[in-house]
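The values are calculated or read from the model by the stated rules, or taken from the named source; none is laboratory data. For clarity, every value in this text was computed on a predicted model and none was experimentally measured. Counting neighbours? That spans all protein chains shown, and the Cβs are built from the backbone with ideal geometry, glycine included. Side chains are part of the model used for accessible areas, which takes the heavy atoms of the whole protein and leaves out ligands, DNA and RNA. Shrake-Rupley method; radii C 1.70, N 1.55, O 1.52, S 1.80 Å.
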Amino acid sequence: MPVRVAEEWLATCGGCEVTVLDIGEPLLDILPKLQFVHMPVLMDHKYFGQKGEKDKLEIPEAEVGLISGGIRNEENRKVAEEMRKKCKILIAVGSCANFGGIPALGNLSTNEQIFDTAYRQTCTTDKAPTPNKDIPPFTDRVYAVKEVAKVDIGLPGCPTTPEMVAEALTALLENKPFKLAERSVCDECPTKREKKAVAKLNRPLDKIECAPGQKLDTVRCFMELGYLCQGPATRSGCGGSEKTPRCVKAMMPCRGCFGPIREGANPMVDMMGALSTIGLDPKEIQDRVALFNRYIGATARLRPMPARR
Ligand code: SF4
Ligand code: SF4
Ligand code: SF4
């Protein structure tokens, strides 16, 4: 009997769904053992019956539930609760589901500020009242899925990696444990480190200079070159079996999308320590709170800031 899988997306960009589809060849190995019974990105399954005839939100029962996105409105909350009810094992896929992700940067503002900006304060928008008909109400802030429903496995990353999704599904099919590494991105980074910065902090989007085809183990650590790289405070795993971190491989500093190295770690404190150790001043970084928590703003990490004068 194939294992029944249900997939749902909440406050999400859809990138994590593409990751599931991106598994590629390994998906061919596990696909015959799986039966997708619900997946809005692929199949048009309505919550209230195909003709809207039911009065209660319903998702089919499944052994495994995959859920991406955080909780931004009351409909997201109900869908997450229904997934928990109907799925024996619930996997939170991606940083939005695990920590709120980029949408949880909204937690720096109150809902009133968000609506005011969206509907009345942008110069490209005709001023209008906040819509309140036929749309689910906002929750008071963005929540991670685990804040409203028990999650059995969390796969971080923005998006998470196809390899990690395949590994988690394979472990479940083979009844083996699945555990994330508790190492930092730096632990898997091949760049050269000399524990001393040779430049002041650059703007985050400045291009890192390198010769065409230059091997990474001949390039100096980006942070020591003055580029803000969140590798020291971020969980490893994005490089998969090849190990080289995804962004570093593309000559980009780590942005921290895999979240804290372990449950409860504080990336802001870890980054301040890492910067100071090599002689960089964390106070030079503007908007530090948002930057170091940009993927993990749920679980009360980000709160509305006092109004600027
Ligand atoms: S974690 Fe990133 S890729 Fe996945 S849904 Fe959220 S924003 Fe999209
Ligand atoms: S700070 Fe960035 S570039 Fe430097 S070792 Fe860590 S991950 Fe690599
Ligand atoms: S290097 Fe950092 S930002 Fe890039 S994919 Fe890996 S964890 Fe995410």
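In order along the range 91-99, the phi-based Karplus estimate (6.51 cos²θ - 1.76 cosθ + 1.60, θ = phi - 60°) of 3J(HN,Hα) comes to 10, 8, 9, x, 6, 4, 5, 7, 9 Hz; Gly and Pro are listed as x. For the range 143-300, the Cα gyration tensor yields ellipsoid semi-axes of 28, 20, 12 Å (square root of five times each eigenvalue, largest first, whole Å). Simple point charges give the picture: +1 on the Cβ of Lys and Arg, -1 on the Cβ of Asp and Glu, and for the chain a dipole about the Cα centre of about 920 debye. If you wrap the tightest convex hull around every Cα atom of the range 80-160 and split its volume per residue, you get 116 Å³. Peptide packing for 69-77, 20-28, 206-214, 286-294 was compared via the average number of neighbouring C-beta atoms within 10 Å per residue; ordered from the highest value, the list is 69-77, 286-294, 20-28, 206-214.
Expressed as a whole percent, the proportion of Cα-Cα pairs in the range 230-309 lying more than 14 Å apart is 66%. Going by Cα centres, the range 118-137 and the range 153-214 are how many Å apart? Using only Cα atoms, the two centres lie 38 Å from each other.
Here is the size of the range 132-200 from its Cα atoms: Rg then Dmax, 19.3, 59 Å.
Across ARG220, ARG183, ARG4, the residue with the most accessible area heads the list, and the full order at a 1.4 Å probe is ARG183, ARG4, ARG220. Compared with the dominant Cα axis of the chain, that is its longest principal axis, helix 74-86 is turned about 70°. Working note: Cα gyration tensor of the chain, eigenvalues times five, square-rooted, sorted largest first, giving semi-axes of 35, 27, 16 Å. Average accessible surface for the range 186-309: 56 Å² per residue, computed with a 1.4 Å probe over protein heavy atoms with every protein chain in place. With N the number of residues in the range 156-244, Rg(Cα) / (2.2 N^0.38 Å) evaluates to 1.32. Computed about its Cα centre, the charge dipole of the range 118-252 is approximately 460 debye, with only Lys, Arg, Asp and Glu carrying charge at their Cβ. Computed over all pairs of different Cα atoms, the Kirkwood value for the hydrodynamic radius of the range 1-141 is 16.9 Å. Counting only heavy atoms of the protein chains and using a 1.4 Å probe, SER68 has close to 0 Å² of accessible surface. Rounded to the nearest 20, the size of the Cβ-charge dipole of the range 194-309 about its Cα centre is 340 debye, with Lys and Arg at +1 and Asp and Glu at -1. Here the range 103-227 was treated as a single set of alpha-carbon atoms; its pair distances binned every 10 Å from 0 give 9, 20, 21, 26, 20, 4 percent. Look at the dipole of the chain built from charges on Cβ: of CYS123, ALA80, LEU275, the Cα furthest out on the positive end belongs to LEU275. In whole angstrom, the range 48-124 maps to an equivalent ellipsoid with semi-axes of 30, 18, 9, each derived as √(5λ) from the alpha carbon gyration tensor and ordered largest first. Using the rule -39500 (n - 2.57) for each DSSP H run of four or more residues, divided by the residues of the chain, the 222 nm mean residue ellipticity is -6000 deg cm²/dmol. Highest mobility in the GNM of the chain, judged by mean-square fluctuation with C-alpha springs under 10 Å and restricted to PRO177, PRO103, PRO156, is found for PRO177. Of the whole protein surface, PHE222 contributes about 10 Å² of accessible area at a 1.4 Å probe radius.
Here the accessible area of the chain is 54 percent carbon and sulfur, with a 1.4 angstrom probe and all protein chains present. You can think of it this way: the chain between ILE114 and LYS127 has 3.3 nm of extra reach, that is 0.36 nm per residue less the Cα-Cα gap. Taking each residue as 0.36 nm, the span from LYS54 to ASN175 lengthens on full extension beyond its C-alpha to C-alpha distance by 39.9 nm.
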